[in-house]
Amino acid sequence: MKRTCLLAGILFACACAAFLPSAAYAQAVTSSGPITVSQARALPHSSWVVLSGNIVNALPGGWNYTFRDAAGETITVEIGLKIWRGLSSGPMDAVEIGGELRISRGIATIKVYVITGSGRQNARPGQAVTVNRPIAISEARNLPRDSWVVLAGNIVASLGGDKYSFRDLAGETIVVAIERKIWRGLYAGPSDVVEIGGEVEISKGQFSIEVEVIRMSGAR
């Protein structure tokens, strides 16, 4: 009888543990400004982080690099070829990166979506660019595909799935794609002014934005 009760207790404890919150399943958040590597490591998986520092070296395997913040702490970051958008950065160049925190088997890395800095900008025809300040939709339409843009305005309607209608402060609207995880716990109604950051998408002549980060804006 005691053995049966003990076994039942163990099974009940295991069942309860399956529903307890953990860091891996905690609500992702969006950092409002540059944070340190140690602060980033403490955030939940899929959080949006912004860090300032240096890219000190490339790692084997393609697109991975070692990033060092001002405190000297390092973290591995993934920077795809198109993310550089013409920027060349050396170990001594100060950069700011924005991206998604990923935690796998207890190891934290960052998938970078935007990078700005003091390195050399290599301009060529059709080169995607990084515009890390709010601009109008009319300006964004003139930028090459894969450019990074920031827009301020309102999400005025859901179009089904991950598609939404976004209206900028000048009153122009476009379609934006916002996956469920990108909201990171934020609720924004049609009257709330937000800033979205994402990549310019041009498909069959249609212009849209693939949103990677969204936050409340101070603009009115």
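The values are calculated or read from the model by the stated rules, or taken from the named source; none is laboratory data. All of these numbers come straight from a predicted model, not from anything done at the bench. Quick reminder, even Gly has a Cβ in these numbers, built from the backbone with ideal geometry, and neighbours come from all protein chains shown.
Among the residues of region 135-152 satisfying the criterion of being touching a Ser or Thr at 6+ places or on another chain (Cβ under 8 Å) and in a strand (DSSP E or B), which is farthest from V200 (Cα to Cα)?
A152
Evaluate region 138-154: report whether one residue or more is more than 15 Å from the chain's Cα centre (by Cα), within 27 Å of I178 (Cβ to Cβ), surrounded by 14 or more Cβ atoms within 10 Å (Cβ to Cβ) and not assigned by TED's automatic domain parsing to the domain that holds V193.
No, region 138-154 contains no residue that is more than 15 Å from the chain's Cα centre (by Cα), within 27 Å of I178 (Cβ to Cβ), surrounded by 14 or more Cβ atoms within 10 Å (Cβ to Cβ) and not assigned by TED's automatic domain parsing to the domain that holds V193.
Of everything in region 156-181 that's within 21 Å of the chain's Cα centre (by Cα) and touching a residue at least 40 places away in the same chain (Cβ under 8 Å), which residue is surrounded by the fewest Cβ atoms within 10 Å (Cβ to Cβ)?
So the residue we want is K181.
To keep it simple, each residue is scored yes or no on (1) under 28 Å from S46 (Cβ atoms); (2) among the small types (G, A, S).
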| position | (1), (2) |
| --- | --- |
| M92 | no, no |
| V95 | yes, no |
| A108 | yes, yes |
| V129 | yes, no |
| N132 | yes, no |
| S138 | no, yes |
| D146 | yes, no |
| V149 | yes, no |
| V176 | yes, no |
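How many of the residues making up region 165-179 are of a type outside the set (D, E) and either part of a loop (DSSP other than H, G, I, E, B) or in contact with a His (Cβ under 7 Å, 6 or more places away or on another chain) (or both)?
4
Exactly one of these conditions fails for I214: (1) outside any strand (DSSP E or B); (2) of a type outside the set (S, T, N, Q); (3) touching a residue at least 12 places away in the same chain (Cβ under 8 Å). Give me its number.
Failed condition: (1).
Could you check how many residues of region 31-67 are among the small types (G, A, S) and either more than 16 Å from the chain's Cα centre (by Cα) or outside the structural domain of I103 (by TED's automatic domain parsing) (or both)?
Selection size over region 31-67: 6.
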